[in-house]
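So the structure is just underneath, and the comments pick up after that.
The values are calculated or read from the model by the stated rules, or taken from the named source; none is laboratory data. Just so it is clear, the structure is predicted and the values come from calculations on it, not from any experiment. Glycine also receives a Cβ, built like all others from the backbone with ideal geometry; neighbour counts cover every protein chain displayed.
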Amino acid sequence: MKRSAHRLLSTLGLFGTVAQLYAPTVRAEDASATETAAARALAVEGLKLAQANNCTEALPKLERAEKLYHSAVVASRLGECYVSVGRLVEGTEILRKVLREPQPADATPALTKALDRAQKTLDGATPRIAGLTIKITAVQDMRVKLDGNVVPSALLDSEVPADPGEHTIEVTAPGFLRSGSRLSVSEGEKKSVTLTLARDPNAPVAPPPATAAPTSGASPTAASSPPESARVASAPAPAPASAPNHTAAYVSLGFGVAGVAVGGVLGYLTLTKKNDLQEQCPGDVCSQNQQGDLDSARGMGNLSTIAFGVGAAGLVLGTVLFFTAGPSNVDHARVTPKPRFAGLSLPRVAIGPTQVQLSADF
């Protein structure tokens, strides 16, 4: 009779606790009415099983209730059940999360009691957690698994919290044989395991990178020849053009000026002698004594004409050479034996008794 009454009171207290936990509150993130009702039903069943020390059956119901609607009381009981079945790492993390949550100032007695139980369970379970250190030489695309769960590379060579009991460690990498180990740790024990990876002799060899094949229609010569830009870049740069060479023009102009000057002087002397002879030879008839002066005047006149002709030819040639002069950096290896200046050969001057002949090849 007393036992039945105690069980009834416990059940009524449980329903009261759950009713308080899932009471309507004004929050934007509240679950729907259907989810809240389902969470309440699962929580009642899970808490009843946990109070009866049947955490194995209570865990699935508490997990589903917590996923539908979070409650600090349900979460703390879920963490306690994880610790009870030996899942110390998962259970203590849930308990820490519950204890870090901000709680209302007017917390219900059920919530206060749940938090006290959570702290005691956490304090008792933390020293029981074991530790595993996995050591391995890292290779490309290596994957390490502990009990089927991938271990981040940042945790290698560092102590990983583990539940007491047996554990399986597996390491795989492309081109290497699988390496693994199975070990057992007791409560609070710290162990280290070292694994090595050996190359797989039957692993396929990666093919060399394929080179781009020439497109259809392109001849092998065109495919193997360097691009047009490379041929243009390899061609020697043309020599910079230099200033025109006016040396020949200046020389010719100098001869021309000198010829005109000499012709002018001789012409002046010829005119002077002619005036003197006209005074001495009336009617242009000279005596035998003036014959020498007459011959001298004729000679100077001829020389004056020649000098004027040479000077005029030099001026004309110098002018032509000045405006048709080529660059000064002439490639002497390509010059023909016949000297030229900018496409004009050196002039040839022929002087006769009564004429001056100037010739050049253009």
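Before moving on, here are some points about what is shown:
- Residue that is at pLDDT 95 or above and either under 28 Å from HIS167 (Cβ atoms) or of a type in the set (Phe, Trp, Tyr) (or both), where the choices are LYS67, LYS97: LYS97
- When ALA162, ALA173 are checked against the criterion of being among the hydrophobic types (A, V, I, L, M, F, W, C), surrounded by 12 or more Cβ atoms within 10 Å (Cβ to Cβ) and closer than 15 Å to VAL83 by Cα, a single residue qualifies: ALA162.
- Cross-chain or 6+ apart pairs with Cβ under 6 Å, the stretch 255-280 first and under 25 Å from LEU317 (Cβ atoms) and assigned by TED's automatic domain parsing to the domain that holds MET300, then hydroxyl-bearing (Ser, Thr, Tyr) and surrounded by 13 or more Cβ atoms within 10 Å (Cβ to Cβ): GLY263/SER304; LEU266/SER304; GLY267/SER304
- Residue list for the stretch 188-223, filter: in a helix (DSSP H, G or I) and at pLDDT 65 or above: none
- When the stretch 155-168 is limited to residues that are of a type in the set (Gly, Ala, Ser) and part of a strand (DSSP E or B), the one that is nearest to ILE134 (Cα to Cα) turns out to be ALA162.
- In the stretch 134-154, the residues that are of a type in the set (A, V, I, L, M, F, W, C) and part of a strand (DSSP E or B): ILE134, ILE136, VAL144, LEU146, VAL150
- Residues in the stretch 93-123 that are in a helix (DSSP H, G or I) and among the β-branched types (Val, Ile, Thr): ILE94, VAL98, THR112, THR121.
Table: residues versus (1) within 53 Å of the chain's Cα centre (by Cα); (2) in a helix (DSSP H, G or I); (3) surrounded by 14 or more Cβ atoms within 10 Å (Cβ to Cβ); (4) modelled with pLDDT under 55.
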{"position": "LEU8", "(1), (2), (3), (4)": "no, yes, no, yes"}
{"position": "THR11", "(1), (2), (3), (4)": "no, yes, no, yes"}
{"position": "GLN20", "(1), (2), (3), (4)": "no, yes, yes, yes"}
{"position": "ALA28", "(1), (2), (3), (4)": "yes, no, no, yes"}
{"position": "LYS61", "(1), (2), (3), (4)": "no, yes, yes, no"}
{"position": "VAL74", "(1), (2), (3), (4)": "no, yes, yes, no"}
{"position": "GLY91", "(1), (2), (3), (4)": "yes, yes, yes, no"}
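- Residue among VAL139, VAL144 that alone is surrounded by fewer than 14 Cβ atoms within 10 Å (Cβ to Cβ) and either in the same structural domain as SER76 (by TED's automatic domain parsing) or touching a residue at least 12 places away in the same chain (Cβ under 8 Å) (or both): VAL139
- Any pair with Cβ under 6 angstrom, 6 or more apart, that starts in the stretch 61-86 at a residue that is closer than 17 Å to ALA37 by Cα and ends at one that is polar (S, T, N, Q): TYR69/THR36
- Verdict on LYS145 being of a type in the set (D, E, K, R) and either farther than 26 Å from SER179 by Cα or touching a helix residue (DSSP H, G or I) at 6+ places or on another chain (Cβ under 9 Å) (or both): no
- Considering only residues in the stretch 169-187 that are in a loop (DSSP other than H, G, I, E, B) and among the aliphatic types (A, V, I, L, M), the one that is nearest to ILE129 (Cα to Cα) turns out to be ALA173.
- Subset of the stretch 104-123 [touching a residue at least 12 places away in the same chain (Cβ under 8 Å) and either over 53 Å from the mean Cα position of the chain (by Cα) or assigned by TED's automatic domain parsing to the domain that holds VAL160 (or both)]: THR108, ALA110, LEU111, ALA114, LEU115, ARG117, ALA118, GLN119, THR121
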